[in-house]
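Structure record follows, encoded as C-alpha cells.
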Amino acid sequence: MQPFRVVAILDAIADSVRAELVAPVYGHPAYAEVARGYGPCRLCLRTFTVGADRRILFTYDSFQDKEALPLPGPVYIHEVACERYPEDGGFPEDLRSHALTLNAYGMGRWLLAQEYVTDGRVEAVIERIFARVEIDYIHVRDTNAGCFDFALERAPAT
Ligand SMILES: [Zn+2]
C-alpha cells in the first residue's frame, strides 16, 4: 500500500476564520449557523450532526499555497475549536460512506485523472492514482455537493 498523507486545511486558517468571521484572502463575510448538512468540517474532517453542531461557512481556495491559479469555493469548519485531522491518520472514516470524487493533479494544476468512489474502498483507488509518477497530489471532493473536502499527498515510504 502506497502510504499517503491526509492534508486538511491549516490550523491558522481555521483560527483566523473563527476569530474574524471573514474568509482569508477574499475578505467575504463568513457565516455561522447550526449545521443543515453533514459537512464535513475541513479541519477535523468529522461530519456535522445536522441540527446540533454549529459550523462556519467561508470561501476557501483549495489551491492556496500550492498553485498560482486559484479555485475558490465554499467550505465549513466547526464554530468552536477542534483538532486538525492527523496527516498520518489514514483515510477519514467519517467520509468513507459518502460519494467522493478524487481529482488527481500534476504540479501546474493539470487534472490528470478523476475517479469516483461510492463504496468506501478508497485506498485501492488512491494507490492506483499515486502509482502514476506524473501525479503529485489529489483533491477529494464530495461528488453530490461538489465542494472541496481535503487533499492527499504521497507520504515517504517507511
Ligand atoms: Zn472540526
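For residues that are within 23 Å of Phe4 (Cβ to Cβ) and within 15 Å of the ligand (Cβ to nearest atom), tally how many sit in region 39-68.
Within region 39-68, the subset within 23 Å of Phe4 (Cβ to Cβ) is 39-47, 60-67.
Add one more test, that the residue is within 15 Å of the ligand (Cβ to nearest atom), and what stays is 39-47, 60.
Within region 39-68, residues that are within 23 Å of Phe4 (Cβ to Cβ) and within 15 Å of the ligand (Cβ to nearest atom) number 10.
Taken over region 3-21, the residue count meeting the criterion of being in contact (Cβ under 8 Å) with a residue 24 or more places away in the chain and over 20 Å from Asp149 (Cβ atoms) is 1. When region 4-24 is limited to residues that are away from the ligand (no atom under 16 Å from the Cβ) and under 18 Å from the mean Cα position of the chain (by Cα), the one that is surrounded by the most Cβ atoms within 10 Å (Cβ to Cβ) turns out to be Ala23. With respect to the conditions (1) touching a Phe, Trp or Tyr at 6+ places or on another chain (Cβ under 6 Å); (2) hydrophobic (A, V, I, L, M, F, W, C); (3) under 30 Å from Pro156 (Cα atoms); (4) within 14 Å of the ligand (Cβ to nearest atom), Leu71 falls short on a single one, namely (4).
Note on region 72-104: residues that are farther than 15 Å from Asp142 by Cβ and in contact with a Ser or Thr (Cβ under 9 Å, 6 or more places away or on another chain) amount to 1.
Of all the listed residues (Glu115, Glu79, Glu87, Glu83), the sole one being closer than 17 Å to Pro3 by Cα and either within 16 Å of the ligand (Cβ to nearest atom) or among the acidic types (Asp, Glu) (or both) is Glu87. The set of residues in region 121-158 that are without any contact (Cβ under 8 Å) to a residue 12 or more places away in the chain and surrounded by 17 or more Cβ atoms within 10 Å (Cβ to Cβ) is empty.
Here are some residues: Gly73, Gly108. Which one is under 26 Å from Ala19 (Cα atoms) and in contact (Cβ under 8 Å) with a residue 24 or more places away in the chain? Write out each step before concluding.
Values: Gly108 fails: under 26 Å from Ala19 (Cα atoms).
Step by step, each of Gly73, Gly108 is checked, and only Gly73 is under 26 Å from Ala19 (Cα atoms) and in contact (Cβ under 8 Å) with a residue 24 or more places away in the chain.
None of Thr118, Thr49 is of a type in the set (S, T, N, Q), exposed (fewer than 15 other Cβ atoms within 10 Å of the Cβ), farther than 17 Å from Arg141 by Cα and over 14 Å from the mean Cα position of the chain (by Cα) except Thr49.
Read-outs: derived from the displayed coordinates by stated rules, not from any lab. Nothing here was measured: the structure is a model prediction, and the numbers come from that model. Note: ideal-geometry Cβ built from the backbone for every residue, glycine included; neighbour counts use all protein chains shown.
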